[in-house]
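> Take a look at this one; I'll ask things after.
The values are calculated or read from the model by the stated rules, or taken from the named source; none is laboratory data. What you see is a predicted model, and the numbers here were worked out from it, not measured in a lab. Quick reminder, even Gly has a Cβ in these numbers, built from the backbone with ideal geometry, and neighbours come from all protein chains shown.
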């Protein structure tokens, strides 16, 4: 990744539903931080991908969208999807396979093979577990993003007949597995170093607890790829002798996420398993309204990375001012850190965390929360 002549360029993609509301909060935060830290940032708001664009053009985004986004250093997306109410046949609606297709296009076309979702229970966030140790939830789930269960290979034969057959192929490569697992160990190292040097609302203090990577598979029922993951994990673990290791089957991991989520540090999983576990981890850290995420290629900065909150478009509350912009603001902080602006990123995280700690009322509207965070950025 290289800055252009004017600095770094960002594409803002509000998308559907509440995406426009939370994107407005992110843009306000970027404007304050750009001025305060003299950041070489520029951005452009794109009308696509979105359901509105599809309604006008018959597609979620232009045919050359993938080539066009390569001109940016980062992509910040609000949310996609607007199925519309089931009882309103006049409402323009799309299936998830259509409305969410741009996500897969960007992830695969830009080779964004790692999806990172931090789950940190901030003070003031809703806590759904009674155990006081749940306050120490601080994990990073790293999901494989380019292969595995979501390669969309397969088909249906004899469709609509009693003899219909559906096949869904999973694809796992050693190259894809090695880069994913090695990245997980490197992130465990970085998190341990950060705990030792930084006091942050967004990085829990776990004292001298050793860094740990937990591998997730279902190798008892799916031994082919499960054994590949296990073998690669054991080999790469030898390169990081200071990092603790564990291995959980995905069903057991789901139970332990609820029983003792404070025991997890970095979790690495396949595309499908990571997709499921990250939503569960989000609830443990206060809900999807507080859950940021990024899609990155840790080995290359030549193409833009994609940053998006995990809460979806929430069309049932769109336009009502009820959206919580915290997840988008925390996602924006992840983007700033990726671009190399660590201090502004931490400032934004602190502002969101302090607002939440001092105003735990989750019924505040989007503008009220945004104004509070912006006020803290000015301090």
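> Could you say whether any residue in the stretch 140-157 is more than 14 Å from the chain's Cα centre (by Cα), over 26 Å from residue 218 (Cβ atoms) and at pLDDT below 95?
no
> Looking at the stretch 68-94, which of its residues are more than 20 Å from residue 310 (Cβ to Cβ), at pLDDT 85 or above and assigned to a loop (DSSP other than H, G, I, E, B)?
70, 71, 72, 73
> Can you go through 122, 129 and tell me which one is farther than 29 Å from residue 302 by Cβ, surrounded by 22 or more Cβ atoms within 10 Å (Cβ to Cβ) and not assigned by TED's automatic domain parsing to the domain that holds residue 329?
It is 122.
> Next question. Could you tell me whether the stretch 331-347 includes any residue that is surrounded by fewer than 24 Cβ atoms within 10 Å (Cβ to Cβ) and farther than 26 Å from residue 38 by Cα?
For the stretch 331-347, residues surrounded by fewer than 24 Cβ atoms within 10 Å (Cβ to Cβ) and farther than 26 Å from residue 38 by Cα: absent.
> In addition: Just a yes or no: is a residue in the stretch 38-51 without any contact (Cβ under 8 Å) to a residue 24 or more places away in the chain, more than 22 Å from residue 317 (Cα to Cα) and assigned to a helix (DSSP H, G or I)?
No, every residue in the stretch 38-51 fails to be without any contact (Cβ under 8 Å) to a residue 24 or more places away in the chain, more than 22 Å from residue 317 (Cα to Cα) and assigned to a helix (DSSP H, G or I).
> All but one of (1) surrounded by 19 or more Cβ atoms within 10 Å (Cβ to Cβ); (2) outside the structural domain of residue 149 (by TED's automatic domain parsing) hold for residue 264; which doesn't?
(2)
> Now for a separate question. Quick check on my filter: what residues within the stretch 137-180 are under 21 Å from residue 298 (Cβ atoms) and in a loop (DSSP other than H, G, I, E, B)?
Once the filter is applied, which keeps residues that are under 21 Å from residue 298 (Cβ atoms) and in a loop (DSSP other than H, G, I, E, B), the stretch 137-180 yields 145, 146, 147, 172, 173.
For (1) in contact with a helix residue (DSSP H, G or I) (Cβ under 8 Å, 6 or more places away or on another chain); (2) more than 23 Å from residue 130 (Cα to Cα), each residue gets a yes or a no:
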| residue | (1), (2) |
| --- | --- |
| 259 | no, no |
| 269 | yes, yes |
| 290 | yes, no |
| 297 | no, yes |
| 313 | yes, yes |
| 317 | no, yes |
| 322 | yes, yes |
| 328 | yes, yes |
| 350 | yes, yes |
